[in-house]
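Below is one structure, written out as structure tokens; comments come after it.
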2 protein chains.
Amino acid sequence: MDDPDLRRKAETLRAVAHPARLALLRALARGARCVSDLQKILGVSQPSLSQHLQALRRERIVDFCEDGNLRCYYIARPTLISALCGLILREHKVVRRPPEEIRCEGRRRRRG
Amino acid sequence: MDDPDLRRKAETLRAVAHPARLALLRALARGARCVSDLQKILGVSQPSLSQHLQALRRERIVDFCEDGNLRCYYIARPTLISALCGLILREHKVVRRPPEEIRCEGRRRRRG
DNA sequence: TTGACATATTCATATATTCGAATATTCTGA
DNA sequence: TCAGAATATTCGAATATATGAATATGTCAA
């Protein structure tokens, strides 16, 4: 089972799954920004930021438009990213389910 | 800027961002399953599956309870994971914003 | 107690990611 | 045309991740 669709989804997630890129998206969620502004906001080196932007561009998560010398980056998949950021940046409760409550769906069961 | 909170969030995302683990979670979303059932469903080798489960356990994304010989895995953060899977497994439209529409939030602007 | 099953761990290797340094490209203003 | 700013690319080293093979552990049934 090597589902190309799942592989693409995983690649998209991977692109987001980095602290600097999460910070980047959080910043872009508040509005389009040029690279040097982003650099100041994030406090990473210019080449590093450029590489992170490239990773996000590859997955079509961000895009930019040119404004003279500047490139204003914006989020190219707002529905996905705003939901994703909203989700991940929140805390989520961890449940612990007792054995009695678990119905293992498979054919194998011992007791029960 | 090295935000430990963002780092943890990124680690959680990374744990999910793998095709086999996405398939795993999709399967578990339909109900708890023991390892050998998961193995049949996913078609990966037993050690490989075990390692993927370990990765998800480390992030408290899944947990298990023992049923004799079997370990029934279940999703330990249902709100996070169901939303995340729901999101990522859907297609999301890509927008392309024209320059006129972009207001770069920073202090730098050339024309406009 | 033994054998078979279910699952986990370890190890080695292959591969991918990250980060910094150096360099290249493109645009703008003088 | 030139200098400088903004951004991108390339490269190499360090590190992390993935994968398969071999092995270990724990449990059940006989």
Set of lysines near residue A:93 by C-alpha distance (under 22 Å), chain-local residues within fewer than 8 positions excluded: B:9
Cβ neighbours within 10 Å from other chains - mean over A:69-82: 4
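In the stretch B:8-112, which trypsin sites (Lys or Arg not before Pro) are in a loop and have at most 12 other Cβ atoms within 10 Å, using DSSP for the loop call? It would help to have the intermediate numbers written out before the result.
Details: sites: B:8, B:9, B:14, B:21, B:26, B:30, B:33, B:40, B:57, B:58, B:60, B:71, B:90, B:93, B:96, B:103, B:107, B:108, B:109, B:110, B:111; in loops: B:30, B:60, B:90, B:93, B:96, B:103, B:107, B:108, B:109, B:110, B:111.
Those satisfying the criteria are B:30, B:90, B:93, B:96, B:103, B:107, B:110, B:111.
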HN-Hα J in Hz across the stretch A:23-30 - Karplus 6.51, -1.76, 1.60, θ = phi - 60°, x for Gly and Pro: 4, 4, 5, 4, 5, 5, 4, 8
Most fluctuating residue given options A:65, A:34, A:85, as computed from a GNM of chain A linking Cα atoms under 10 Å: A:65
Note, ³J(HN,Hα) from phi for the stretch B:5-13, Karplus 6.51, -1.76, 1.60, rounded to Hz, x at Gly and Pro: 5, 4, 5, 5, 4, 5, 5, 4, 4
Karplus 3J(HN,Hα) series, Hz, for the stretch B:51-65 with 6.51 cos²θ - 1.76 cosθ + 1.60 (x for Gly, Pro): 5, 5, 5, 4, 4, 6, 5, 3, 8, 6, 8, 10, 8, 9, 10
Value of [θ]222 nm, deg cm²/dmol, for chain A, DSSP H segments ≥ 4, -39500 (n - 2.57) each, nearest 500: -15000 deg cm²/dmol
On Cα atoms only, tilt of A:78-88 relative to the major axis of chain A in degrees: 60
Whole-number Å³ per residue for the convex hull built on Cα positions in chain B: 154
10 Å Cβ neighbours from other chains, averaged over peptide A:51-64: 1
Cα gyration tensor, the protein assembly as shown - rounded (a/c under 1.5), prolate or oblate: prolate
Selected from B:78, B:98, B:19 as most flexible by GNM, with chain B as the system and alpha-carbon contacts under 10 Å: B:98
Shielding by partners, peptide A:37-48 (average Cβ within 10 angstrom, other chains): 1
Cysteines without a disulfide-compatible partner [chain A; Cβ-Cβ under 4.7 Å]: A:34, A:65, A:85
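No lab work stands behind these numbers, since they all come straight from the coordinates. This one's a predicted model, so the numbers in the text were calculated from it and none came from an experiment. Backbone-built Cβ (ideal geometry, glycine too); neighbour counts: all protein chains shown.
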